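Worksheet for the structure shown next.
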Amino acid sequence: MKNMFKIIFNIVFISIAFSQVPCILGDVYVSEGANHGDPEDYIEVYNGGGEECTLAGFQLDDTELLEDFTFGNIILDPGAYWLGYEDAEDSFTSGLGGDGDIIVFADPQGNTLTVILEEALETADEIELSQSFTADGIGCYTMPTPGEANVDCFVFAYGCTDPEAINYDPDANLDNGSCQYSTVSCVLGDVYVSEAANQGDPDDYIEVVNGGTQECTLAGFQLDDSEELEDFTFGNIILNPGDYWLGYENAENSFNSGLSAEGDLVVFADSDGNMLILTLDVSMATDDGVELSQSFDIDGFGCYTMPTPGESNADCFESCILGDLNSDGGWNVLDIVTLANCVLAGNCAELDFGCAGDLNGDGGYNVLDIVTLSNCILAGNCGR
């Protein structure tokens, strides 16, 4: 009885309040819908009849309960469209499910036309498709044309749409999950840690380079700052020859264990557990305050460099930290021995860090420098 009163009220409301010809369900119908949410879901209603009419009392919902939206006195000329976006003013509010949904369109008498929305799809170019319908409710995917004439049904060409895949199909416009990637595992030694930063500003990073001659995957490789290898395991990261993987501490799909500024290890292992272990010396900065990274060659030999994350390593940074003749970041008996030997041999200036031996700044290398270095090591005040 309640529904009967509702129907009678709608009919009286239309005929008395508006005095327009009510639209006829079937002449007006849902002609397009979008359920991808970007932009907001929308529904398009089209007047395919031959005369102007009002949608007053018509209803829209995504269930047969018809509790969502009731049209006011919306006048549609022949060939005109009504377009409603979800949650917009004077529009529907029930979102359309991206996995598929229905649109129920009803006239004031309770007669309904229901169209079925399939799951939301996008093209290989990431264009979200809409779904267009005939007056009979027959639908297909189309390029979106909200508020305008529908275009032809979208012709799907299924295949692999990822250009990085080995079976990429440039003619495919919809990915069917068939993409295949290189299954050749990288060889430890061909891929290696080529640079790392342990200064923490910016965040610690580790760089891996493919120094080999073929594309390969890092799947199953591991990174840690200990031989326990509990920190980070690579997924299907494909590296072309000469390409880099760059990971920052705590970034998505990267390592989490910070690299100590006092010195640390970088352990790089393949899926069989074979390891390459690099030693990071203490973090250092230039006189201008530039934090240096440490770069490594394929044999694991490293040196301080200007940071070049994700790019070719720079030349070794030639620094002279007075007294640190072996550039290990500290001052100890090894530095005294190195200085004494080069003073006796007369070749201090030829050493990589020989300039660190002129502790008294007189432009030469002699016993006075050895004494100065010995005293500061004993006093623990070298570099101050």
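Throughout, read-outs are computed from the coordinates displayed, never taken from laboratory work. Model, not experiment: these values are computed from the prediction. For neighbour counting, all protein chains shown are included, and Cβ atoms are generated from backbone atoms with ideal geometry for every residue, glycine included.
Cα-based Rg of the range 2-142 per 2.2 N^0.38 Å, rounded to two decimals?
For the range 2-142, the normalised Cα radius of gyration is 1.04.
How high is the FRET efficiency from T145 to D243, r the C-beta distance, R0 56 Å, rounded to 0.05?
Step by step, r from the Cβ atoms, then E = 0.85.
Return P(r) of the chain (all Cα-Cα pairs; 20 Å bins starting at 0; whole %; ordered from short to long distances).
21, 28, 22, 18, 9, 2
Could you work out the mean projected area of the convex hull around the alpha carbons of the range 333-379, in square nanometres to one decimal?
2.9 nm²
Search the structure for amide H atoms under 5 Å from the amide H of L265, placed 1.01 Å from N in the peptide plane, and list their residues when 5 or more places away or on another chain.
It is L280, by chain and number.
How far apart, in nm, are the 7 Å Cα→Cβ label points at Y85 and D125?
In this crude label model, Y85 to D125 measures out at 2.2 nm.
Could you derive backbone 3J(HN,Hα) for the range 246-254 from the dihedral phi with the Karplus parameters 6.51, -1.76 and 1.60 (θ = phi - 60°), listing whole Hz in sequence and x where the residue is Gly or Pro?
Coupling constants for the range 246-254: 10, x, 9, 4, 6, 6, 4, 6, 8 Hz.
I need C23, C153 ordered by Cβ neighbour count within 10 Å, fewest first.
If I rank by nearby Cβ atoms, fewest first, I get C153, C23.
Find, among the GluC sites (Glu not before Pro) in the range 216-276, those assigned to loop by DSSP (not H, G, I, E, B) with at most 16 other beta-carbon atoms within 10 angstrom.
The qualifying sites are E227, E228, E230, E252, E262.
Counting each DSSP H run of 4 or more residues in the chain as -39500 (n - 2.57), what helix-only mean residue ellipticity at 222 nm follows after dividing by all residues, to the nearest 500 deg cm²/dmol?
Result for the chain: -3500 deg cm²/dmol, rounded to the nearest 500.
Considering the range 167-263, what Rg and Dmax in Å follow from its alpha-carbon atoms?
My reading of the Cα-based Rg and Dmax gives 15.7, 54 Å.
Which GluC sites (Glu not before Pro) from the range 293-357 combine a DSSP loop assignment with at most 16 other Cβ atoms within 10 Å?
Of the GluC sites (Glu not before Pro), the ones in loops of the range 293-357 whose Cβ has at most 16 other Cβ atoms within 10 Å are E311, E318.
Using Cα pairs closer than 8 Å and at least 6 residues apart in sequence, work out the relative contact order for the range 274-384, in percent.
Dividing the mean separation by the residue count of the range 274-384 yields 18 percent.
Using the Karplus curve 6.51 cos²θ - 1.76 cosθ + 1.60 with θ = phi - 60°, work out ³J(HN,Hα) for each residue of the range 80-87 in order, rounded to whole Hz, and write x for Gly and Pro.
Computed from phi, the couplings for the range 80-87 are 8, 10, 10, 10, x, 9, 3, 6 Hz.
Sequence gap at least 6, Cα distance under 8 Å: using those rules, report the relative contact order of the chain to the nearest whole percent.
Averaging sequence separation for qualifying contacts and normalising by length gives 9 percent for the chain.
Along the range 188-195, what does the Karplus equation 6.51 cos²θ - 1.76 cosθ + 1.60 (θ = phi - 60°) give for ³J(HN,Hα), rounded to whole Hz, x for Gly and Pro?
Values per residue, Gly and Pro as x: 4, x, 6, 9, 7, 6, 9, 6 Hz.
For the pair E51 and E164, how long in nm is the line joining their label points, each one 7 Å along Cα→Cβ?
6.2 nm
Go ahead and run the numbers for FRET between V371 and D297, Cβ-Cβ distance against an R0 of 41 Å, rounding to 0.05.
0.65
What is the antiparallel percent of DSSP beta bridges lying wholly in the chain, to the nearest 5?
Looking only at bridges with both residues in the chain, the antiparallel portion is about 90 percent.
At a Förster distance of 35 Å, what's the computed FRET efficiency of T286 paired with E228, Cβ-Cβ distance as r, to 0.05?
0.55
Taking loop as defined by DSSP and a crowding limit of 16 other beta carbons within 10 Å, which chymotrypsin sites (Phe, Trp or Tyr not before Pro) in the range 283-374 fit?
F301
Can you pull the one-decimal nm distance between simple spin-label points at I24 and N236, each 7 Å off the Cα toward Cβ?
The modelled label-to-label distance comes out at 5.6 nm.
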